[in-house]
């Protein structure tokens with residue numbers, strides 16, 4: 001794989017874009033209508049809305065590269081070497097089981113909802129990697145979980161076939177917390193609560 005491939009759900013990106021546009025428009029309206037004082041008072045919940053949309057829908061991703069699969073969820077990021085992947089599933093979301101038994105689900109690659117799953121035909125999963133008996137609607141092409149799982153499975157198969165030494169990286173999955181994101185979210189939430197609850201003269 002010459003270049004890393006990064007996946008994000010298209011539906012989530014649309015939701016986030018709408019929320020960010022609404023937040024920006026609300027801030028402009030508050031500033032024009034009430035001035036900087038009102039903006040300082042009421043911007044907190046509006047900014048929290050935009051921040052939450054970014055955090056939930058734009059920041060999470062699945063990145064497939066030559067050396068590992070990187071799954072970034074809301075405040076944690078996992079880096080899983082190919083040799084530490086035991087299995088790949090898509091039942092609820094793209095889920096990687098490591099050789100140590102850890103289950104890592106990707107926020108950015110959720111399974112389709114019930115309505116889409118019920119409308120999935122056998123032909124939609126015909127060309128996806130995996131055994132016929134284990135394919136699910138969540139493996140279908142065009143779904144966030146299906147596209148991510150297919151990419152990871154194909155690359156995993158290639159690495160196991162072409163580079164048996166990848167098993168040497170078993171047990172080397174790394175997990176990183178993002179304390180600045182946690183602290184920033186907590187600060188915005190506290191400011192939003194104060195803005196809505198405290199009296200304003």
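Read the figures in this text as sums done on the coordinates, not as results from a lab. These numbers were taken from a predicted model, which means no experiment stands behind them. Positions of Cβ are backbone-derived with ideal geometry, glycine not excepted, and every protein chain shown enters the neighbour counts.
Miscellaneous remarks
- Residue order, fewest to most beta carbons within 10 Å, for 36, 156: 36, 156
- Fewest-first sequence of 33, 139 by Cβ atoms within 10 Å of each Cβ: 33, 139
- FRET E, pair residue 36, residue 14, Förster distance 35 Å, beta-carbon r, rounded to 0.05: 0.65
- Arranged from fewest to most other beta-carbon atoms within 10 Å of their beta carbon, 77, 143 become 77, 143.
- If R0 is 35 Å, the Cβ-Cβ spacing of residue 163 and residue 76 corresponds to a FRET efficiency of close to 0.80.
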